[in-house]
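The values are calculated or read from the model by the stated rules, or taken from the named source; none is laboratory data. Computed from a predicted structure; not experimentally measured. When we count neighbours, we look across all protein chains shown, and the Cβ atoms used for this are built from the backbone with ideal geometry, even at glycine.
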Amino acid sequence: MKKFIYISGIVIINFFVVGALFKVMHYPGSGILIIFGMSLFCFAFLPLAFYQSYKGNGRNNKSIYISGFIVSLFTFLGALLKIQHWPGSGLFLIISIPLPFLYFLPVYIYHHNKSKEKSSINFLGVMFLMVYIAVFSAILALNISRDIIDSFSTSEKYFAKTSEIYTIKNNALSKNIEKTGSAFDIKRMSLMESKSETLLSEINNIKIELVKAVEEKNSYAIEAGNKINSRAIVAKDESQKATDMLKGDNGVSCKATELKNHISDYCKYLKSFLGKNSENANRVGALLNTANVTDTIYGNPDGLSWEDQYFPNGSYLICTITALSDIETNVRMAETEALESIPEK
């Protein structure tokens, strides 16, 4: 039995360690490995290990084993909830950080002083373990400043409001063209608006998918009309699922590249609509530019791709949502440039 517990403990810990490594490197499958490893550790290995140890030599120290099991369970469950951004992680961490010192340590010191065979090595080992657990829990509890998170939400709201303003302006321009424009101009306007709405719908769908992937389908951040309320997002600092969705399972751009290609096609259409050398076309090109830019920081000879400019690996969910809102605003502004170029009659 002991041999089985030792071997299973090593295997389970390796699952968690590999999952943690995948999490740091933003590799796919990290969540599954962490959940599997930590769940087995909490609900299989810990009970078996404590029971086996208690059955062997712990009958006189029952309170130590009970307190040790409870403290370990709270600490590692809190870590799992925090790593996966699940509800209740804050409460678990608030309990698990002081719990080893307020509950387990007094029990251990009482039995240690009561025991006839005192071991300073065991005592120091337990003290170091308590410090490690406290530091481990405290590090998990560290979050990016709420002020910084809120600033991204504020920026996202600014982009969303700007898009609304340009939508109102574009609707007014369209109505004017319908009244005064030729049949040819109206047809061109309708086609352009159709392409704009298709692209904007794609961007909004990516936002919805991201929030649902992180916070499930019933997230309070998804409001009526499939609109995102960025302030209502709970796991604003989640990064793994956002990166996986936009960059693909193997780190190769997926949805981000699809979006880039659609933006590039839309930009080419507007330029052909406007005429390549017009001032409006130049402004559209600047708003919808998807080319690589010079990487002045790391000196990458290929430059920094559009995907990495907007959606760098490990970017927080709120940063990704804000970047998508920025792109929406640019699309609306480019649409305005095109509508203003249609001659009035």
Original post:
What number of residues within the stretch 217-248 are charged (D, E, K, R), assigned to a loop (DSSP other than H, G, I, E, B) and within 15 Å of C319 (Cα to Cα)?
Top reply: 3
**OP:** Sort out for me the helices (runs of 4 or more DSSP H) sitting completely within the stretch 1-105 that have 1 or more residues that are modelled with pLDDT under 70 and over 30 Å from I318 (Cα atoms).
**Re:** 2-25, 46-57
**OP:** Within the stretch 190-225, track down each residue that is modelled with pLDDT under 90, surrounded by 18 or more Cβ atoms within 10 Å (Cβ to Cβ) and of a type in the set (S, T, Y).
**Re:** S219
**OP:** Give A286, A323 a once-over and let me know the one that is modelled with pLDDT of 90 or more and crowded, with 19+ Cβ neighbours inside 10 Å.
**Re:** A323
